[in-house]
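What follows is a short report on a single structure.
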Number of protein chains: 2
Amino acid sequence: MFTGLSAFPLTPVTPSGIDEKGFVNILARLTEAGVDSLGVLGSTGSYAYLTREQKKRVTALAAQHAGGIPLMVCIGAYGTEQVLQLADDAQTAGADALLLPVLCYQSLTDDEVYALYETVTRHSSVPLCVYNNPRTTRFEFSDALLVRVAALPGVQSVKIPGVQAEPVRMQSLRKILPAEVAIGVSGDEFAGQGLNAGCEVWYSVCGGLFPNSARQIVDAARAGDSGCVSEQVARLEPLWQLFRRHGSIRVMAAAAGILGLSDIDCLPRPLQPLPAEACRDIAAVMTQLELR
Amino acid sequence: MFTGLSAFPLTPVTPSGIDEKGFVNILARLTEAGVDSLGVLGSTGSYAYLTREQKKRVTALAAQHAGGIPLMVCIGAYGTEQVLQLADDAQTAGADALLLPVLCYQSLTDDEVYALYETVTRHSSVPLCVYNNPRTTRFEFSDALLVRVAALPGVQSVKIPGVQAEPVRMQSLRKILPAEVAIGVSGDEFAGQGLNAGCEVWYSVCGGLFPNSARQIVDAARAGDSGCVSEQVARLEPLWQLFRRHGSIRVMAAAAGILGLSDIDCLPRPLQPLPAEACRDIAAVMTQLELR
């Protein structure tokens, strides 16, 4: 399941709770486009903001509407006990894989982080992807730690931040990680760089709403056409600009509203929707780039 | 309740879960010393790491053993819905006040943070203390935002980081905040500075385990003896050094073990106990400073 395009959909939330119809609308776009996997309740899927019950429901909906596409679920939380609860919930609701970031409240030592992954992999019966996202989670993996964690039974992928997705770094990562651990790029604007440098997966935010545009890039990478990959990613630069200005989750939420898949205001509180002017910019970029 | 010494106890956690006996042991020290309030499930109380059920239980135990001392409970979480659940749980279990930090996953605007506090105060029926702790929570209050939030009905205190507890800053804070909002200092090494600069409360980590030592400092402040306050805080410098080196929560957990109140290993995972050498240093400082 850790290959090609892994689409990370939004979880639309309105004042009355999870917008289940909206979420199913979004999932339908992904299954129709035939993405390689679904990454629900990722950062873009608002795992951090939802209650345990809401996360259970979102996972169950995703499993029900995945149409046979492998389903990965993020189980991040500060405490190991919380993570284990979420791991159980996700597997019970139908997750095929787990995605685990390191959330830091107090700062953590490498041994503490290793023990967290060791505990979770021992406890779970599905594969796990290590989520390395220092910007959001405040934890930076050293290479030594990443090697230890990637060697744990059950660890089958590492999701790396886009800034690490350049050729020299990728070569060194590929050398130190087990061959059977898939390296996946995140940070959409770095997708081309990552895929061209040998990432096996793109953990994609824009692919969670615009799977056809993302699919073209992954297909070009599969065909070994690195020029086309770079071109396609460069073509989407106005979208990456919006991501940098507003944050990708806020842009994707507005876009889901613009497409009529959910409300314009579909972010879980405390997040609030972008102002009307920003939404107009987003709509204009969607038209310009034929994101539909 | 927002006055004097507010003691923030550890929540001891062993492999079998909350160490209820250990927690009650610690509470007994605080009620015997007659602290002015209890701040359970603060950062030192490991709120970030515990499950919802564990937090309910800890609050209920604290309410049962508070001996009439007002009880404040931290309800921090990333999502507003999660915070509201915790606010309900805390009040149902007997909290007299709520403590609310701003946890940031995606970065938040001032308006989003204001709306969070507005929602929670409207939803709750007990007073609220604003927890401003940029180092742990990644959110920095501007003065403009603090003024807006402090004006909300129900907000009765602001817990400020120690580095802000110096006279010029305190004067300006006192000027911009409503007179009925108590300013409380945190970051124990800054307690003297804060109390001497006019803080009405000390939200105290060491007071959560060594209430008598902390009590002396607050008593001196109440008597207007700023020299004695500074002297007492300076006397504890070896303890502050340990806090800086290992993190105060890790030092307090080791100290609770050394005192026989819980196990030496009483931190919730992923946090792990300090190595034996550090525990020996802590024991030596406790002897030297007569912390018992």
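Each value in this text was obtained by applying a stated rule to the coordinates, not by laboratory testing. These numbers were taken from a predicted model, which means no experiment stands behind them. Here the Cβ is made from the backbone with ideal geometry for all residues, glycine too, and neighbour counts use every protein chain on show.
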Partner lysines whose C-alpha sits under 17 Å from that of B:Lys175, ignoring same-chain residues fewer than 8 away, are B:Lys159
Sites removed, the longest contiguous part of chain B containing no DSSP-loop GluC sites (Glu not before Pro) with at most 15 other Cβ within 10 Å is B:1-139
Per-residue Cβ contact counts at 10 Å, fewest first, order A:Thr119, B:Thr109 as B:Thr109, A:Thr119
The rounded separation in angstrom of the Cα centers of segment A:199-273 and segment B:217-273 is 48 Å
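How would you rank B:Val285, A:Val229, going from fewest to most other Cβ atoms within 10 Å of each one's own Cβ?
Numbers: B:Val285 18, A:Val229 24.
By the 10 Å Cβ count, ascending: B:Val285, A:Val229.
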Here the Cα Rg-to-2.2 N^0.38 Å ratio for segment A:70-199 is 1.00
Here the convex hull volume per residue of segment A:4-223, taken over Cα atoms and given in Å³, is 112 Å³
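I'd like the FRET efficiency for B:Ala284 and B:Val24, computed as 1/(1 + (r/R0)^6) with the beta carbon distance as r and R0 of 41 Å, rounded to 0.05.
Plugging the Cβ-Cβ distance into 1/(1 + (r/R0)^6) gives 0.90.
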Taking every DSSP bridge whose two residues both lie in the protein assembly as shown, the antiparallel percent to the nearest 5 is 5 percent
Sorted shortest first, the nm distances from the A:Arg135 label point (7 Å along Cα→Cβ) to its counterparts in the other copies are 2.7
In whole Hz, the Karplus estimates of ³J(HN,Hα) for segment A:108-120 (6.51, -1.76, 1.60; θ = phi - 60°; x where Gly or Pro) are 10, 7, 4, 5, 5, 5, 4, 5, 4, 5, 4, 4, 5
GNM of chain B, Cα pairs under 10 angstrom: of B:Leu173, B:Leu30, B:Leu128, the biggest fluctuation goes to B:Leu173
Quick calc: nm separation of the 7 Å Cα→Cβ label points for A:His123 and A:Asp143 -> 3.2 nm
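Just the number, please: percent antiparallel of the DSSP beta bridges in chain A, rounded to the nearest 5. Don't skip to the answer; put the middle values down first.
Values: 2 of 28 bridges.
Rounded to the nearest five, the antiparallel share is 5 percent.
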Each residue of B:78-86 has, on average, a number of other protein chain C-beta atoms within 10 Å of its C-beta equal to 6
Put in order of increasing Cβ neighbours within 10 Å, starting from the fewest, A:Lys55, B:Lys21, B:Lys175 give B:Lys175, B:Lys21, A:Lys55
